[in-house]
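K.L.:
Here you go, one structure.
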Amino acid sequence: MTIDDHTTRIAVIGSGPAGFYAAGQLFAGGSDVKVDMYDRLATPWGLVRAGVAPDHPKIKSVTRVYEKIAANPGFTFHGNVEVGTDVTHAELASAYHAVLYAVGSPTDRRVGIPGEDLPGSHAATEFVAWYNGHPDYAEHTFDLSTERAVVVGNGNVALDVARMLALTQQELAVTDTADHALAALAASHVREIVVLGRRGPAQAAFTNPELRELNEMQDADVVVDPADVALDELSSAYLLTDADITVKRNVEILQAFAQLPAPSKSKRILLRFLTSPVEILGGDRVEGIRVVRNELVATETGLSARPTGEFEDIQAGLVLRSIGYRGSPIEGVPFDERRATIHNDGGRVTDPETSRPVAGVYVAGWIKRGPSGVIGTNKKCATETVDALLKDLSDGLLPEPSTSPGELLKTLEQRGVEVVDYAGWEAIDEHERAAGEPHGRPRVKLTSVEDMLEVASRRAGKTPEPLQS
């Protein structure tokens, strides 16, 4: 074994915000720590690259913080390596003192209604990944020939999806929206986007800036029926007692929307509340959605939506379901199917039968706590996990590796895995930025793994064939 006796080697799996904040906290811990970060994609940043809406460049600027972390001499990036396919958890655990999973929640939650799988009904996660150029979804197609689309959900992702459908070609042209999506959205016939929330305006999960900007679009109006934002007694009481400032301002914004002049632009986003889908309608493809009107009732866990029996059919050719993300299990790591997270206590992965920590295995981010919070929430989450890890290190509780990261990389090479290092990512980054500059765009994204590997290999001193335009 070739590990330095004084160096603690940590594998961080996932290169999104949670992974980078964890790496930063590990370096700040004062110990002699080296961090090897693995990601199944050739590119880092996770949902900052593949989830944040293209018209939100300020949010994406958080990557400058991650770049500083990556500049630490103890940091190494291994992209294009998928845990469970290219390497097992057991192999990682044998090569490192600790393995910290920050893999997010990559799949969508199901609505669980008839017609959900009809052509024209999609998870919003797929649509988001498509317009952001995620290589897994670059070849997807979405039928935008319909005049009305329905978005199911009341969070920021639902607003992102609605906004992307309503932005003008000029608004999108200066973003890093994937080229295939730019072309499809420019040809879109969608003129009305209906956003459904099962509970009331006081229970919506929007953040204030994302909600407010709906009224700042060039050629789309936001429409709210005054009756939809008239609070019932339960919501009024909640607003006076338990609601935080974000909720109160959301209600104020929505009530102001309800007073706006009649729509005059070519597109509109219609926000509806206390409305749940019960069936997606259609024969060979989506033709509409049946919804039920809800009322709020008090339960032990808060205010819940109860159907009233009043139904309505909304004609639509596209349904995008945005009711949350789910984590996926990793072989060899305890997984909570109900919560769709890795079993843990404060970031220490635990055995579900004994509740005892699994030595040397940790978790941070959405796969730890579920899909909640904003990007910055992951910093506090990662800090808690790293504090636990460093405490275990100090107490001598981390297992000693039986192999080394170098041996693991040799194994990956033997398996034909083309590992992309940080220099390879920088080559991809430079290529994309250079392609975007002549058009006033931050970048033009590469959307195929093959193209990414080809560009990355140039930095490694190889001589690949030039990319085809």
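Bear in mind that the values in this text are calculations on the coordinates, not laboratory data. Just so we're clear, the structure is a prediction, and the values are computed from it rather than from any experiment. Backbone-built Cβ (ideal geometry, glycine too); neighbour counts: all protein chains shown.
K.L.:
If N is the number of residues in segment 90-150, what value comes out of its Cα radius of gyration divided by 2.2 N^0.38 Å?
P.N.:
With N residues counted in segment 90-150, Rg over 2.2 N^0.38 Å equals 1.66.
K.L.:
Looking at the chain, I'd like the Rg to Rh ratio, where Rg is from alpha-carbon atoms and Rh is Kirkwood's inverse mean 1/r.
P.N.:
Computed over Cα atoms, the ratio is 0.99.
K.L.:
On a straight-distance basis, which aspartates and glutamates could pair with LYS58 in a cross-link, Cα separation under 17 angstrom, same-chain partners fewer than 8 positions away excluded?
P.N.:
GLU67, ASP160, GLU171, ASP176, GLU210, GLU213, GLU216
K.L.:
Using the basic label-point model (7 angstrom from Cα toward the beta carbon), what is the THR354 to ARG64 distance in nanometres?
P.N.:
The two pseudo-label positions are separated by 4.8 nm.
K.L.:
Looking at segment 326-405, which GluC sites (Glu not before Pro) are DSSP coil and have at most 11 other C-beta atoms within 10 Å of their C-beta?
P.N.:
GLU331, GLU337, GLU353
K.L.:
Could you put THR411, THR385 in order, starting from the residue whose Cβ has the fewest other Cβ atoms within 10 Å?
P.N.:
So the residues, fewest neighbours to most, are THR411, THR385.
K.L.:
Find how much the distance from SER31 to ALA262 grows on full extension, using 0.36 nm per residue of separation minus their present alpha carbon separation; answer in nm with one decimal.
P.N.:
77.0 nm
K.L.:
So what's the angle, to the nearest 10 degrees on a 0 to 90 scale, between helix 422-436 and the longest Cα principal axis of the chain?
P.N.:
That helix lies at roughly 40 degrees to the long axis.
K.L.:
Still on this structure, please answer the following. Under 11 Å from the 7 Å Cα→Cβ point of GLN218, by amide nitrogen: which residues of segment 163-183?
P.N.:
167-175
K.L.:
Once amide H atoms are built 1.01 Å from N in the peptide plane, which residues 5 or more positions from LEU270, or in another chain, come under 5 Å H to H?
P.N.:
ILE193, VAL194, VAL195, VAL223
K.L.:
Under the 0.36 nm per residue contour assumption, what length would be gained going from the current alpha-carbon distance of VAL278 and ASN72 to full extension?
P.N.:
That pair, VAL278 and ASN72, stretches by 69.0 nm at full extension.
K.L.:
If you don't mind, there's one more thing I want to ask. Helix 405-414 versus the longest principal axis of the chain: what angle, 0 to 90°, nearest 10, using Cα atoms?
P.N.:
70 degrees
K.L.:
If neighbour count is taken as other Cβ atoms inside 10 Å, put LEU303, LEU47 in order from fewest to most.
P.N.:
Fewest-to-most Cβ neighbours within 10 Å comes out as LEU303, LEU47.
K.L.:
Another question, if that's okay. So how far apart, in nm, are the two label points at ASN208 and VAL174 if each is 7 Å from Cα heading toward Cβ?
P.N.:
My value for the distance between the label points is 2.5 nm.
K.L.:
If you don't mind, there's one more thing I want to ask. Pairs to check: LYS379/LYS445; LYS68/LYS391; LYS34/LYS410; LYS368/LYS391. Give those whose C-alpha atoms are more than 22 Å from each other in this structure.
P.N.:
LYS379/LYS445; LYS68/LYS391
K.L.:
Can I ask one more? Along the Cα-to-C-beta direction of LEU397, a point sits 7 Å from the Cα; which residues of segment 347-383 have their amide N less than 14 Å from that point?
P.N.:
347-351, 355-363
K.L.:
Between the DSSP loop rule and a limit of at most 16 other Cβ atoms within 10 Å, which trypsin sites (Lys or Arg not before Pro) in segment 286-363 are left?
P.N.:
Those satisfying the criteria are ARG338, ARG339.
K.L.:
Roughly how big is the chain's charge dipole about its Cα centre, with Cβ charges of +1 (Lys, Arg) and -1 (Asp, Glu), in debye to the nearest 20?
P.N.:
Rounded to the nearest 20 debye, it is 820 debye.
K.L.:
Compute the distance in nm between two label points, each set 7 Å from the Cα along the Cα-to-Cβ direction, one at LEU234 and one at ASP136.
P.N.:
Each label point lies 7 Å from its Cα, and together they span 3.6 nm.
K.L.:
Which value does Rg/Rh take for segment 109-325 over its C-alpha atoms, Rh per Kirkwood?
P.N.:
Reported Rg/Rh (Cα atoms, Kirkwood Rh): 0.96.
K.L.:
Another one. Once both axes come from the Cα atoms, what is the angle between helix 377-394 and the longest principal axis of the chain, in degrees from 0 to 90, rounded to 10?
P.N.:
The answer is roughly 30 degrees.
K.L.:
Taking 0.36 nm per residue of sequence separation and subtracting the Cα-Cα distance, how much length would be gained by fully extending the chain between GLU312 and THR299, in nm to one decimal?
P.N.:
So the chain would gain 2.1 nm between GLU312 and THR299.
K.L.:
Continuing with the same structure: Would you kindly calculate the mean projected area, averaged across all directions, of the convex hull enclosing the Cα atoms of segment 239-301, in square nanometres?
P.N.:
7.5 nm²
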